[in-house]
Structures are given as C-alpha cells and as structure tokens.
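Please treat every number below as a calculation from the coordinates, not as lab data. Keep in mind it's a predicted model, so treat the numbers as computed, not measured. Here the Cβ is made from the backbone with ideal geometry for all residues, glycine too, and neighbour counts use every protein chain on show.
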Amino acid sequence: MSEATLIDVLAARDRRAELQQKMLSSYGLSLISFTLNIAGPIKADAWAAYAFRQGKAALMAALGSFGYPIRAEEEVSSPAGYEWMAAVDTEAVQLKKICVSIEHRHRMGRLFDMDVIAADGLKISREEERACLVCGKPGRGCASRRLHPLT
C-alpha cells in the first residue's frame, strides 16, 4: 500500500484517455469507464479493491440483466487506483442510466465513478451534480481547487 503521487494520478488519467480512444476506434461502441472516488493519497489498498470489485460486479449484473453484451474490457490497477473499461453494445444514454442508478442505490455507490462515453467520443453527463465526498457541498471542484483539507 503506497501513496499515489500527483504524477501517478496524472499518468493514470492520460493512460485512461488513451485506452478510451483506442477502444472507441477499435470497437465503435459505447464505453463504461469505472474508477473509484477515493479522497486522500491512498488509492489502492484492500478496502479500495473490495469497493472496486463490488462496483464492477454491480455493473456486470446490471448489464447482464438487460442483455447488453460486453464486447471488450480492460482492467488496470496502479498506485493511482483501480480502473475497468468496457465496450458495451448498446446506446450510451441507456448505459448512463444504469450507472447512475448503481451510484445512487448501491451501499458503496458514492465511491463509484462510472463514466459513459458514446461511440462518437462524447461523454454522457449525469443530470444532477454529485456532492463532494469530504464536505458534502455540491460540486466537483473542491479537490481540484483544494478548498479544504482531506481530514
């Protein structure tokens, strides 16, 4: 268990963007890009791995129940955290509805970051903004703007 540096986090973001582009061009399908929202420098430990497995299992079960086939998938783990990306043969808007439902209803759902990218490369946004994990205020900018400490 090691701390993720800013370089680790930025490298993971770049790697994820490259993989998204590769999968979009290779498969031409909607993508789910699943990571965790983990405040603080420890992004990959036993607890985060457990939460990640729970989120991935929820996604797989939901996709299976709707009959949406996964045509390709990639899983990555690094000090910056855990990631799973899947090319799914269905409309991106439907995938986003499934993801938002899991994020809202699963007991660990607030930790889940389930992004959906349409086959044309456009990210599908959720209708309402999520609250900050630390302070609970609306908005995603607290961490990026360092508005408050993590503890």
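Between residue 10 and residue 66, what is 0.36 nm times their sequence separation minus the Cα-Cα distance? Round to one decimal in nm.
Details: separation 56, 0.36 × 56 = 20.16 nm, distance 3.45 nm.
Stretched fully, the residue 10-residue 66 segment lengthens by 16.7 nm.
Can you list residues whose amide H is under 5 Å from residue 124's amide H, if they're 5+ apart or on another chain and H is modeled 1.01 Å from N?
116, 117, 118
For the range 30-40, just list the computed ³J(HN,Hα) in residue order, Karplus coefficients 6.51, -1.76 and 1.60, θ = phi - 60°, integers in Hz, with x standing in for Gly and Pro.
Karplus values, whole Hz, x for Gly and Pro: 5, 10, 10, 10, 10, 9, 10, 8, 10, 6, x.
Within the range 1-85, which GluC sites (Glu not before Pro) sit in a loop by DSSP and count at most 11 neighbouring Cβ atoms inside 10 Å?
Of the GluC sites (Glu not before Pro), the ones in loops of the range 1-85 whose Cβ has at most 11 other Cβ atoms within 10 Å are 3.
Classify the range 15-80: rounded, prolate or oblate, from the alpha-carbon gyration tensor (a ≥ b ≥ c, eigenvalue square roots; a/c under 1.5 rounded; otherwise prolate if a/b is larger than b/c)?
On the way: a/c = 2.98, a/b = 1.34, b/c = 2.22.
Taking the square roots of the gyration eigenvalues as a ≥ b ≥ c, the range 15-80 is oblate.
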